[in-house]
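Asker: Mind having a look at this structure? Questions to follow.
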Amino acid sequence: MSVTASQVQGAVQTLTQSSDTLFLLLGAIMVFLMHAGFAFLEVGTVRQKNQVNALVKIIADFGISAIAYFFIGYWVAYGGTFLADANTLSQGNGYELVKFFFLLTFAAAIPAIVSGGIAERARFYPVLIATFFTVGLVYPLFEGIIWNGNFGIQAWFESQFGAGFHDFAGSVVVHGVGGWIALVAVLFLGMRKGRVRAGKHTNFAPSNIPFLALGAWILCVGWFGFNVMSAQTLNGISGLVAMNSLMAMAGGIVAALIAGKNDPGFIHNGPLAGLVAVCAGSDLMHPIGALVTGLIAGALFVYLFTYLQNKTKIDDVLGVWPLHGLCGAWGGIAAGIFGQSALGGLGGVSLSVQILGTLMGISVALVGAVLVYGAIHKASGLRLSEEDEFNGADLAIHKISATNME
């Protein structure tokens, strides 16, 4: 029996669609696993009386994020809904459904980032309400502008500067926005009790370095799904993205090792700083440019987190603002520097646009967070009572401790 050209073409198209769907599904699973990394990084950093709360917050936030993004956020960003019948939704091997899953794991990173900043003194349900609105409205507003061309802003950048804002895997769209939202939430909550004694700042030591390290390792591994699989198709996959992610991670480790003076907390956050920064330009940079990006990000995190904890009233428990907010902003700008062909990059990027787009992302995050957290702060309050904070969020909220003390 002869096979027609149309049959061959149909078979090839089916194979391509199914391969792309599987590729993106694996990426979604890897980024979903990163939320376990967020959880254990927080568990290892907070005091033992708040470990259960750290675990519960991350998984509860993910559930709320899925609902908010399914019904509102994805529509805000991409104009798509999932109200059609299952037969329609499953067309093309269900690629669009898997694409939603992949993009949801990015969206859910916003409250996971915020969680580390507000740890140990935030009320449970008010924070979940904030998660619903930040994932449903604030984050997808900027996501749609950058990744879907909403409101014509990217088109305007291209017409005025010759290039749009480039953020391949979310240095600004995800990490920057999440980090600056977290800063607002941290400021509304204020400092934890006991952080200032006799007029001097006191730092609480991490409760479990092995858990902290486990969280960092899970995040590092999952990040290769976060970055490489942002191509969203097998045809778009790039070994350059993987190599640049690796080099930025190494740069972050080395910088944190030196600047952090062998402190294990800094050393395990160093690779994360480098990976945050390289997301935007990982598909453009030369690997040496990615290394420099990671080195700067690792040092930036150590010095700024140290300054915040010892010199200011910004009590950011995991340092998520310097790690995600500032290193994410640096990543947006770094893409405009090391993405230039003159520095070994692939070109097609404008430093002016990268600066403007980064500032726009920060502005959207700050305004959105002030509206969301400010409203909840006025309506119900965001902070635990002094007694509940003293007893710990585990007993105050969940009525159980992380370990059996008997």
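Asker: Would you check which residues across the stretch 1-28 are within 18 Å of residue 98 (Cα to Cα) and open to solvent by 80 Å² or more (accessible area, probe 1.4 Å) and list them?
Answerer: Of everything in the stretch 1-28, those that are within 18 Å of residue 98 (Cα to Cα) and open to solvent by 80 Å² or more (accessible area, probe 1.4 Å) turn out to be 13, 15, 22, 26.
Asker: So, one more: Consider residue 376 against the criteria (1) touching a Pro at 6+ places or on another chain (Cβ under 8 Å); (2) among the β-branched types (Val, Ile, Thr); (3) surrounded by fewer than 19 Cβ atoms within 10 Å (Cβ to Cβ): it satisfies all of them except one. Which criterion is unmet?
Answerer: (3)
Asker: Does residue 360 satisfy the condition of being in contact with a Ser or Thr (Cβ under 8 Å, 6 or more places away or on another chain) and of a type outside the set (S, T, N, Q)?
Answerer: It is false that residue 360 is in contact with a Ser or Thr (Cβ under 8 Å, 6 or more places away or on another chain) and of a type outside the set (S, T, N, Q).
Asker: Kindly evaluate residue 218 against the criterion of being open to solvent by 60 Å² or more (accessible area, probe 1.4 Å) and either more than 22 Å from residue 179 (Cα to Cα) or not aromatic (Phe, Trp, Tyr) (or both).
Answerer: Answer is no for this residue.
Asker: Of the conditions (1) open to solvent by 40 Å² or more (accessible area, probe 1.4 Å); (2) over 29 Å from residue 144 (Cα atoms); (3) modelled with pLDDT of 95 or more; (4) not hydrophobic (A, V, I, L, M, F, W, C), residue 340 clears all except one; give me its number.
Answerer: For residue 340, the failing item is (2).
Asker: Looking at 371, 318, 343, 351 in this structure, which one is in contact with a helix residue (DSSP H, G or I) (Cβ under 7 Å, 6 or more places away or on another chain) and either among the acidic types (Asp, Glu) or closer than 23 Å to residue 135 by Cα (or both)?
Answerer: None of the other options fit; the residue is 318.
Asker: Looking only at the stretch 251-283, how many residues end up being surrounded by 24 or more Cβ atoms within 10 Å (Cβ to Cβ) and of a type in the set (Lys, Arg)?
Answerer: 0
Asker: Then there's this: Cβ contacts < 9 Å: first residue more than 14 Å from residue 267 (Cα to Cα), restricted to the stretch 288-303; second residue in a helix (DSSP H, G or I) and of a type in the set (Ser, Thr, Tyr), any location; separation 6+ or different chain. Result?
Answerer: Close Cβ pairs satisfying both conditions: 290/245.
Asker: Let me ask something else about it. Quick one: residue 315 ticks every box in (1) more than 30 Å from residue 153 (Cα to Cα); (2) in contact with a Gly (Cβ under 8 Å, 6 or more places away or on another chain); (3) not in a loop (DSSP other than H, G, I, E, B) bar one, so which box is it?
Answerer: Tallying (1) more than 30 Å from residue 153 (Cα to Cα); (2) in contact with a Gly (Cβ under 8 Å, 6 or more places away or on another chain); (3) not in a loop (DSSP other than H, G, I, E, B), residue 315 fails exactly one: (3).
Asker: In the set 352, 363, which member is among the hydroxyl-bearing types (Ser, Thr, Tyr), in contact with a Phe, Trp or Tyr (Cβ under 7 Å, 6 or more places away or on another chain), farther than 30 Å from residue 199 by Cα and open to solvent by 50 Å² or more (accessible area, probe 1.4 Å)?
Answerer: Unique residue meeting the criteria: 352.
The values are calculated or read from the model by the stated rules, or taken from the named source; none is laboratory data. Small disclaimer: the values here were computed from a predicted structure and weren't measured. Neighbour counts are summed over all protein chains in view; Cβ atoms, including those assigned to glycine, are modelled from backbone coordinates with ideal geometry. We work out accessible area using only protein heavy atoms, side chains counted, and drop any ligands, DNA or RNA first. Shrake-Rupley method; radii C 1.70, N 1.55, O 1.52, S 1.80 Å.
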